[in-house]
Structure formats: C-alpha cells, structure tokens
Amino acid sequence: MNQILITEKIYVTPELKKKKRIYQVAFIVSIICIVLLSSYYIYAEYDRNKSEEISQQILSEIDNTTIQRDDGILRVILNDNDQTEGTLAEENTEVTPNNQYVASNGKTYTIDATLTIPSLGINYPVLTETSEQLLKISLNKFWGPSPNEVGNYCIVGHNYTNKKMFGKLAEIKNGDLVEMTDTYGKKVSYSVYNKYVVEPEDVSCTSQLTNGNREVTLITCTNHGKQRLVVKAREI
C-alpha cells in the first residue's frame, strides 16, 4: 500500500503540476471568452431588434400619412377617418410632404422613400442621409437624384445574418421586382437586371450615366465585409 502511494507521488513531478495549472488557467480563460462572446452576440441581436422596431415604426407612420395628387386635387390622408382636401392652383404646384418622423427613441428621422422587394419580403424606409448610426436603423440613401427621378438612385444597407435589412439581398434574381415609393405616394416598379460583387473602393455602380432611364442600385456587404454586393434594377 505504501509502495503504491510513493510511486504515484513520484510521478506527479513539479513539471506536471505546472502543466496542470496552465491547463486549468487556459480552461477558465476559455470559459470567460465564451461567456463574453455569447454576451456580445446576444446584445448585438437585441440592438438589431430594437433598431428594426424603430424602422417599422417609421414605416407604419409613413403608411398612415400619405399624400395623393390626382385631377388637381390635393388629398392629405392622416388615417382612415381624417381626410382634408384643397384645390391646387396649378397642376404642377409643388407640394411638400411630411418626410420627418419622430421615433419612440425621441429622435427625428428624415425619409426619402420606402423600398419594397416582394420576392424577399424586404420592406423598409430609406433614410435621406447615410451614417453608421443611421445604417443601424434602416436603409440609407447613398448617392443619386431624388427618388424615382431620372438617374441612378443608390441605396445602402447592412447584410445581417438574421436576414434583416439587406440580409437576404444575395438571394435576389434577375427579373425580380423592386418597388420604390416616394414621400408623395408615387410608386415606381423596377426590374433587376444585374447582380455582381466588387471591391469596397469600386464605386462605379453609383454612376449617373443611365441613358435617360430611372434606375435603382442596392449595395450591401458580402464575404464577411471584405467585398460589396451590388444589385442593379431599371424602371419597367
């Protein structure tokens, strides 16, 4: 019995004890890293969901406040029970729509249009400006003329792994429909005619040389942010 105990003690050398401590420390550090990474991803998903709520709030307000122009009559529809009318002096009289919306976070967002891709279930407001903060909220106008005008209207959005924003854009196919509704309520339909990947510094897709056509360009990250996915669509 004593011989067995002595033999086991001899084999537990200081070097083995040191290695054991190293393994224990490495295990604890691994657990801490897993917890931190899990916490980060949980918070990131929570943050994305909160941003999604804001964009959908804005979209709901846009749906409830539209401007319609037909036969010289201006109709501002606030909801199903509230409608006011006024006669326009001239057919081309300018009307300024309400394109600013206050979200539940207390911030005011300026909207250029709404973008809908029926085949992918994408439906978001397009914010007038582009910034890191605004990209967390919704799609952003990156470059181009006013919505649905002659030229190349460029929109950027995040490619989220939870399939929100432009997370499903890679699934789009040539011939798919892209619809853009401006703040006057005018909707124009576009058909996808090209999809390709470029390097981040390649901005040729924003060119305004459209041969007099109305076009929409959708841009998002791909290949883990190393490249950009570009989708081109033309009015039909």
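The values are calculated or read from the model by the stated rules, or taken from the named source; none is laboratory data. Just so we're clear, the structure is a prediction, and the values are computed from it rather than from any experiment. Here the Cβ is made from the backbone with ideal geometry for all residues, glycine too, and neighbour counts use every protein chain on show. Each accessible area value is taken on the protein alone, full model and side chains, heavy atoms only, with ligands, DNA and RNA left out. Shrake-Rupley method; radii C 1.70, N 1.55, O 1.52, S 1.80 Å.
For the stretch 175-197, a residue qualifies if it is of a type in the set (S, T, Y), surrounded by fewer than 21 Cβ atoms within 10 Å (Cβ to Cβ) and under 11 Å from E215 (Cβ atoms), and the qualifying residues are S191, Y193.
Within the stretch 103-119, residues that are closer than 30 Å to K232 by Cα have Cβ atoms under 7 Å from residues that are of a type in the set (G, A, S) and surrounded by fewer than 22 Cβ atoms within 10 Å (Cβ to Cβ) in these pairs: Y109/A103, counting only partners at least 6 apart in sequence or on another chain. Can we say N162 is open to solvent by 30 Å² or more (accessible area, probe 1.4 Å), within 16 Å of S55 (Cβ to Cβ) and either part of a loop (DSSP other than H, G, I, E, B) or aliphatic (A, V, I, L, M) (or both)? It is true that N162 is open to solvent by 30 Å² or more (accessible area, probe 1.4 Å), within 16 Å of S55 (Cβ to Cβ) and either part of a loop (DSSP other than H, G, I, E, B) or aliphatic (A, V, I, L, M) (or both). Screening N174 against (1) within 15 Å of the chain's Cα centre (by Cα); (2) part of a loop (DSSP other than H, G, I, E, B) leaves a single unmet condition, (1). Checking the stated criteria, E201 turns out to be among the acidic types (D, E) and farther than 22 Å from M165 by Cβ. Quick check: is even one residue across the stretch 126-138 part of a strand (DSSP E or B) and of a type in the set (S, T, N, Q)? The answer is no; no qualifying residue exists. Looking only at residues in the stretch 120-135 that are in contact (Cβ under 8 Å) with a residue 40 or more places away in the chain and of a type outside the set (V, I, T), the one that is surrounded by the most Cβ atoms within 10 Å (Cβ to Cβ) is P125.
Here is a yes/no grid of residues against (1) in contact with a His (Cβ under 9 Å, 6 or more places away or on another chain); (2) open to solvent by 20 Å² or more (accessible area, probe 1.4 Å); (3) farther than 24 Å from I58 by Cα; (4) aliphatic (A, V, I, L, M):
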position: I137; (1), (2), (3), (4): no, no, no, yes
position: K141; (1), (2), (3), (4): no, yes, no, no
position: C154; (1), (2), (3), (4): no, no, no, no
position: K173; (1), (2), (3), (4): no, yes, yes, no
position: E199; (1), (2), (3), (4): no, yes, yes, no
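Among the residues that make up the stretch 102-111, is at least one of them at pLDDT 50 or above, part of a strand (DSSP E or B), under 29 Å from E171 (Cβ atoms) and in contact with a strand residue (DSSP E or B) (Cβ under 9 Å, 6 or more places away or on another chain)? The answer is yes; a qualifying residue exists. A count restricted to the stretch 212-236 and to residues that are buried (at least 20 other Cβ atoms within 10 Å of the Cβ) and hydrophobic (A, V, I, L, M, F, W, C) stands at 6. Got at least one residue in the stretch 180-201 being in contact with a Phe, Trp or Tyr (Cβ under 8 Å, 6 or more places away or on another chain) and closer than 14 Å to I117 by Cα? Yes, some residue in the stretch 180-201 is in contact with a Phe, Trp or Tyr (Cβ under 8 Å, 6 or more places away or on another chain) and closer than 14 Å to I117 by Cα.
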